[in-house]
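Structure first, commentary second.
Bear in mind these aren't lab numbers, they're just calculated from the coordinates by the rules spelled out. Quick caveat, the model's predicted, so the values are computed rather than measured. All Cβ positions, even for glycine, are placed from backbone atoms using ideal geometry, and neighbour counts span all protein chains on display.
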Ligand SMILES: [Zn+2]
């Protein structure tokens, strides 16, 4: 799997009987990132990525912080797609993020499908926020 190494902290919540300091710092960064997104600026709420809410519930950042302390992150949420992050942004820096999905150029049918996908990209991303 392509687990970005810089997000290792996400699933290292505890260090012995205490919270892992790296995790606490990471959560702070996560909340700051989420709060810089349009979702939050418009609604003052963000999706809660804790293991119970699974990005299905909107909460204010203080509640999300508490939930994360209590429950930890939902599994495999390496890429914060429900919080405005483009998939593979941080995995593939040469790509500028924009063209992270690429198909063979010599297949028109697939290209067409790709164009459709691009148009529906926002819907696709929303769908990804639902539990599998
Ligand atoms: Zn929650």
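Distance between the 7 Å Cα→Cβ label points at residue 28 and residue 58: 2.8 nm. Given R0 = 25 Å, the distance between the Cβ atoms of residue 35 and residue 70 translates into a calculated FRET efficiency of 0.80. Protection proxy ranking, highest mean first, for peptides 36-45, 13-22: 36-45, 13-22, where packing is the per-residue count of other beta-carbon atoms within 10 Å, averaged. Given R₀ = 30 Å, what would the calculated FRET efficiency be for residue 86 paired with residue 8, taking r from the Cβ atoms and rounding to 0.05? For R0 = 30 Å, the calculated efficiency reads 0.90.
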